[in-house]
1. How are the Cα pair distances of region B:223-356 distributed, in percent, across 10 Å bins from 0?
2. Have a look at A:ALA299, A:ALA106, A:ALA188 and tell me which one the Gaussian network model of chain A (Cα, springs below 10 Å) gives the largest fluctuation.
3. Per 10 Å bin, what percent of the C-alpha pairs of the protein assembly as shown does each bin hold, from zero upward?
4. How big is the Rg/Rh ratio for chain A, C-alpha atoms only, Rh by Kirkwood, two decimals?
5. For region A:81-224, count the residues as N, evaluate 2.2 N^0.38 Å, and divide the Cα radius of gyration by that value, please.
6. In nm, what does the list of distances from B:GLU318 to its counterparts in the other copies look like, shortest first, when each label sits 7 Å along Cα to Cβ?
7. Using modelled amide H (1.01 Å from N, peptide plane; none on Pro or chain starts), what sits under 5 Å from the amide H of B:ARG17, excluding residues fewer than 5 places away?
8. If amide H atoms are built 1.01 Å from N in the plane of the peptide, which residues on other chains or at least 5 residues away come under 5 Å of the amide H of A:ALA150?
Number of protein chains: 2
Amino acid sequence: MTYKNYCVIMAGGSGQRFWPASRKALPKQLLSIEPNVTLIQATLARVPKNVGPEQTLIVTNASQVEALKLQVDLPDENIIAEPAGRDTAPCIGLAAKIINHRAPDATMAVMAADHVITPTHLFQADLSQAMEFAARKDAIVTLGIQPTEAATGYGYIHLGEEVESSLHRISAFHEKPAKSQAQQYLAAGDYLWNSGIFIWPCQRILAEIDRHIPDLAQGLDLLAPVIDTQEFGEHLEDIFPRLPKISIDVGVLEHAAEIYCVKASFDWDDVGSLAALARHNKQDALQNTVLGEVVVVDAKHCIADNRAEGLLALLGVEDLIVVRTADAVLVAKRGQEEKVKELVQKLEAEAKDSYL
Amino acid sequence: MTYKNYCVIMAGGSGQRFWPASRKALPKQLLSIEPNVTLIQATLARVPKNVGPEQTLIVTNASQVEALKLQVDLPDENIIAEPAGRDTAPCIGLAAKIINHRAPDATMAVMAADHVITPTHLFQADLSQAMEFAARKDAIVTLGIQPTEAATGYGYIHLGEEVESSLHRISAFHEKPAKSQAQQYLAAGDYLWNSGIFIWPCQRILAEIDRHIPDLAQGLDLLAPVIDTQEFGEHLEDIFPRLPKISIDVGVLEHAAEIYCVKASFDWDDVGSLAALARHNKQDALQNTVLGEVVVVDAKHCIADNRAEGLLALLGVEDLIVVRTADAVLVAKRGQEEKVKELVQKLEAEAKDSYL
């Protein structure tokens, strides 16, 4: 028995946390965090070999399509531009509806465009196991990540019984926990991070949406007749912004009867902030991570990203993140990189639109 | 009795200590340290009213003439471009020779182009007293600055008897002292900083050069016949680079029989490093000095100079000096600004000529 497999890459994002390198029209997934490849290019390169470009979709937003197309080589009809951000359930529902139109028996994997995952072959093996299981059992499957710290920024998955090697029934989903709760999860050992990578037959997820988010299902049904026609874009513009804004986790997964989880065997990093540059690039003897033309005198434990024409010089500083682009420079204390969002909001409030 | 007064502004400098704002072709004196005016423009504005543009000379170096002429409005023949830097004695000797050709009875004041002096009227009063005394007594006069700290970066003047109000005979010059020596000078109370502002009749300083630096005098004599002719530039190119490289302090002042000093009544700052930006510009409530388009979130005691197109953002940092220009950015720890020279030397060693 063969299965028709599709991959859907969710590539939205507001481009705040990597400012000034990231912008609304150039979000994180279009930047290089690892050397020589952007996040979305690396994501595409990880798609299993049996899923070709015709079976690979990217859902992005309208302002990012142009920059995206410079980086990826997919059929135009496989790049879907959301007219407005409506969280993950409408995004996934739309992709499922399109795939279901093209291949009614397909199994789809959904993944983010902005994770760093290594090595590729372990990811592909885990994903293949999940897709095969999802198709065979008509099941909803996620990939769960072994926690390395008591992180409060992720949802957690409580594993139930092992159904086959490294594949468990899920006993519960937990939203982002408080620190003390996260510490308990870490100590317990049978909790994994929710990677946001989901695998299911298209018809199964559409049926779940029918059942649990009927407003969304109705909107998608209105779009179904025009998929892959000239009128699709116009209808999408009209209907999509009015779809309910809800995540797939809250809208479907919390209500679904049975969900499975493959314990990931790969390393995973969701590249949450500029600090990721240090994790995925070489460091000098004084723990400086230097990208582009940077002159360093007596600096240590700094991240200096100058992948633009021109020069950046550090003198006697430590624990800084400095990012220089053609039109802007950020100088931030390491450990404060989460506040970059606050800074971008200040730029928005001050209507400095050319920097957003 | 009236005196013909000339002012000579020495505007050389290698443009290192204010990098990246300063460059070889755009040294410190062509930058704004105070708001709205460059150092050389402020220096020209301080020249006493009885010294017109015809009596004001600037001695600079060839690479800086172009940028200089954009900022100042003087007759072309009053902007002298040294073909090579030979320290202050050849610079002053050349200016004296030119002035002596144009007005043999003139008194000249020599001053640097890169000091911040306030208020102007006190400077002008002190300078007028010095010029009048120099002309009347055929004397060498300096302006001495009341020390505010035990600085080791200046020469010191030991005052002798007071000859007239605030005007003393000098009992000795002392080179830049060690810290403990500087502390003794400060405690003693009768030591002033040597400002490098000198006043003398042209013929007196030329006679001193004849006596104490005969090689220099001979070179200047070769130039005398072509002053204010078409051939001057060509002869200068030939002769000037071969003049002895020596300061006026070492070459003349240490040997001259009698030198006087006017105790300055003005505030004086030699703008030695980027830290000067904080002394001459407003600060916000968190002691940040901000020039140009800068967004500040949780930063304190920083100097942020972004007088270029584009944006600079500081986030959670303290005690930094950040200077952004069109093609380069410096991020330095406050207190390490002296090492900017070291950084520029590194750029030179790495042949990054476009940034020098």
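Every number here is computed from the coordinates shown, using simple stated rules; none is lab data. This structure is a prediction, so every number in the text was calculated from the model and none was measured. No Cβ is skipped: glycine too gets one built from the backbone with ideal geometry, and neighbour counts run over all protein chains shown.
1. Whole-percent P(r) values from 0 Å outward: 10, 24, 22, 21, 17, 5, 0.
2. Most flexible of the set in this elastic network: A:ALA188.
3. Computed distribution, short to long bins: 3, 13, 18, 17, 13, 10, 8, 8, 7, 4, 1, 0.
4. 0.98
5. This ratio for region A:81-224 stands at 1.12.
6. Here B:GLU318 shows inter-copy label distances of 1.6 nm.
7. none
8. Here nothing satisfies the definition.
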